[in-house]
Amino acid sequence: MTHALAQALPDDDLAPDRRVGPRHISILRVGRVEWCGQDQLCVVRNISAGGLMFECLHPPDLGQHLLVELRSDKRMPGTVRWSREGKTGIQFDTPVNVDQVLKEERSSLLRVRPRAPRFVRRGTIRLLPPEGEPIAADILDLAVSGVSCRPDQPVLRGQPIVAVLDGVGATNAEVRWARGDVVGIRFEKPLPWKPLQSWLDQAPR
């Protein structure tokens, strides 16, 4: 069953069964959607200059104003125009340049590399080094592609490890940076987004 507002979007923007405009681009990117002080993972399925469609576990209400973040430098506000079977279509507040949104800049003018959307939650991730005992680390923030954490034992930059997040899974990973007692870990493969969202639902902020 599809729910839609009375004011439909143009055919080439968001209507799920009537996408004929040349600006429509099918993609598959994990992002972050935020409204009313809450955030969750979403998977963006397509985008146009006027809006986009995403899938998430907890769809927002029709008419809800929200923010979709594909990367730290790609944050797009919009309004929910339709919702069906966990998929949601939004209309941007202002049209976007799709080519620019999908472009992967390696760094900004301030030499800060854009990064995947992060979720600030508290919890513990286990780090399994090639040798020695497992290391427990307090999570500071995490994404599908990595985590910032504070391990209870020293780890070295460049060190290969296995990262285990209970209820989500295990993945090969690497320590990419260390600043004081905080380290950044990059996962070899992205975490599965649905189990990760279930973890986010239960983790304290």
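The values are calculated or read from the model by the stated rules, or taken from the named source; none is laboratory data. Bear in mind that the values here come from a model prediction, so they are computed numbers and not experimental data. For neighbour counting, all protein chains shown are included, and Cβ atoms are generated from backbone atoms with ideal geometry for every residue, glycine included. SASA here: full protein model, heavy atoms, side chains in, ligands and nucleic acids out. Shrake-Rupley method; radii C 1.70, N 1.55, O 1.52, S 1.80 Å.
For residue 27 and residue 170, compute 0.36 nm times the residue count separating them, minus their Cα-Cα distance, and round to one decimal in nm.
Fully extending the segment from residue 27 to residue 170 adds 48.9 nm.
Have a look at the range 112-171 and give its Rg and Dmax from the Cα atoms, expressed in angstrom.
11.7, 35
How much net charge surrounds residue 160 when only other residues with a Cβ under 12 Å from its Cβ are counted (Lys, Arg +1; Asp, Glu -1)?
0
Put a dot 7 Å past each Cα toward the Cβ at residue 198 and residue 136; how far apart are the dots in nm?
Computed distance between label sites residue 136 and residue 198 equals 2.4 nm.
Can you give the FRET efficiency to the nearest 0.05 for residue 181 and residue 38, using r as the Cβ-Cβ distance and R₀ = 30 Å?
0.50
Under the definition of Cα pairs under 8 Å and six or more residues apart, what whole-number percent is the relative contact order of the range 22-90?
28 percent
Using the Karplus curve 6.51 cos²θ - 1.76 cosθ + 1.60 with θ = phi - 60°, what ³J(HN,Hα) values do you get for each residue of the range 30-41, in whole Hz, with x for Gly and Pro?
Residue by residue, the range 30-41 yields 7, x, 10, 10, 9, 7, 6, x, 10, 9, 7, 6 Hz.
Report, ordered by chain and residue number, the lysines lying within cross-link reach of residue 194, taken as a straight Cα distance under 20 Å and ignoring same-chain residues fewer than 8 apart.
Qualifying lysines at Cα under 20 Å: 87.
Highest first, please rank the peptides 86-96, 157-167 by the mean number of other Cβ atoms sitting within 10 Å of their residues.
Result, highest mean Cβ count within 10 Å first: 86-96, 157-167.
Not counting ligands, DNA or RNA, and with a 1.4 Å probe, what is residue 145's accessible surface area in Å² rounded to the nearest 10?
Number for this one is 20 Å².
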